[in-house]
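Read through the structure below, which is laid out as structure tokens, and then see the notes.
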Amino acid sequence: MPNPVYTADRQIWRNGQLGEGPRLIPEETAIALTYNGGTYAVMMGTPQDLHDFAIGFSRSEGIVRSPDEIETLDIVELDNGIELRMWLKPSSAELVNERRRHIAGPTGCGICGVESIAEAVRPAAIVPKGRTFSPSEIMAAMASMTLLQQINIQTRAVHAAAFWTPAHGLVALREDVGRHNALDKLAGALAQAGTPVTEGMVLLTSRVSVEMVQKTAAIGAPLMVAVSAPTALAVRTAEAAGITLAAIARSDGFEIFTHPERIAVPQNPGVAEAIHVA
């Protein structure tokens, strides 16, 4: 299996000086997901945690509802990529035969090759109410990610998706050059572990697009927190799905876009009116 990190030789031009030396960069590999002998999707991603990716992608796409519906899963290294070769139980096989498509997705593409606008903007699953969280818990959760992003520490070039609960802290973290892939890997890890997802929050190091909300809804998590801003469609989708969406999370706080009732923010009558940032 390819190493997820590659050492590249490079020349460096900075401050008027030419230098040289190695730099660690993330590997990017074509990953084909096949079901019952037919290709469903080809994604570009990081060759790590591929078992999690196969299961998480299958659940996010609605191909399976549980890892148990995948009878066998083989990771096959080819000359020019990796095949995640799955054989499904008969009921799931019928569904994938109806929906199979051949796509070549750019890095981390979440909805490449969908056949209609309705499919691209499909309603997300409705999440359970779950628990409430304090601002300090959200801040602690985001801070806990940094030291565990091993590939990003080396390369500064990959995304991470993680799951955190007040009882257990950071339960799982997955990385990939594609933000959608990282979230699918996380979904697979949580599904296999049987993690009670209503008790925690999904954490993202990326912006929040509609696909990220759809995948979080498929996981069933009631709260998602991201370091970057959401799109307008992501906000509308999170609102409809019952997800609390907090974004632009920094060391000094975050912004809540939907369902603020899950975040127990202390009431402060002296707070100034909101500042609108252009």
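The values are calculated or read from the model by the stated rules, or taken from the named source; none is laboratory data. Since this is a predicted model, take the numbers as computed values, not measurements. Virtual Cβ from ideal backbone geometry, glycine too; neighbours counted across all protein chains shown.
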Options Val171, Val158, Val197, Val210: the member that is of a type in the set (Val, Ile, Thr), within 24 Å of Arg65 (Cα to Cα) and out of contact with any Gly (no Cβ under 8 Å at 6 or more places or on another chain): Val210
Hey, among Ala172, Ala193, Ala167, Ala118, which residue is at pLDDT below 95 and among the aliphatic types (A, V, I, L, M)? Ala118
Can you tell me which residues in segment 42-52 are aliphatic (A, V, I, L, M) and either crowded, with 22+ Cβ neighbours inside 10 Å or closer than 16 Å to Val158 by Cα (or both)? Met43, Met44, Leu50
Sole exception among (1) assigned to a loop (DSSP other than H, G, I, E, B); (2) over 29 Å from Ile70 (Cβ atoms); (3) not aliphatic (A, V, I, L, M) for Ser136, by number: (1)
Pairs with Cβ under 7 Å, 6+ apart, first in segment 29-56 and touching a residue at least 40 places away in the same chain (Cβ under 8 Å) and under 14 Å from Val76 (Cα atoms), second assigned to a strand (DSSP E or B) and of a type in the set (Ser, Thr, Tyr): Ala32/Thr39; Leu33/Tyr40; Thr34/Tyr40; Pro47/Thr29
Lone qualifier among Gly37, Gly45, Gly19 - being in the same structural domain as Leu88 (by TED's automatic domain parsing), of a type outside the set (Phe, Trp, Tyr) and over 25 Å from the mean Cα position of the chain (by Cα): Gly37
From Ile63, Ile25, Ile55, which residue is touching a helix residue (DSSP H, G or I) at 6+ places or on another chain (Cβ under 6 Å) and surrounded by fewer than 19 Cβ atoms within 10 Å (Cβ to Cβ)? Ile25
Identify, by number, the condition in (1) of a type outside the set (Asp, Glu); (2) closer than 18 Å to Val158 by Cβ; (3) surrounded by fewer than 22 Cβ atoms within 10 Å (Cβ to Cβ) that Leu233 doesn't meet. (2)
Subset of segment 142-168 [of a type in the set (Gly, Ala, Ser) and within 16 Å of the chain's Cα centre (by Cα)]: Ala157, Ala160, Ala161, Ala162
Which one of these is in contact (Cβ under 8 Å) with a residue 24 or more places away in the chain, among the hydrophobic types (A, V, I, L, M, F, W, C) and in contact with a Gly (Cβ under 9 Å, 6 or more places away or on another chain): Ala247, Ala221? Ala221
Sort out for me the strands (runs of 3 or more DSSP E) sitting completely within segment 169-267 that have 3 or more residues that are under 18 Å from the mean Cα position of the chain (by Cα). 169-176, 201-204, 223-226, 244-250
Hey, does segment 150-161 have a residue that's at pLDDT 95 or above, among the hydrophobic types (A, V, I, L, M, F, W, C), crowded, with 21+ Cβ neighbours inside 10 Å and assigned to a loop (DSSP other than H, G, I, E, B)? yes
Subset of segment 26-77, residues charged (D, E, K, R) and either over 13 Å from Asp184 (Cα atoms) or assigned to a strand (DSSP E or B) (or both), comes to Glu27, Glu28, Arg65, Asp68, Glu69, Glu71, Asp74, Glu77
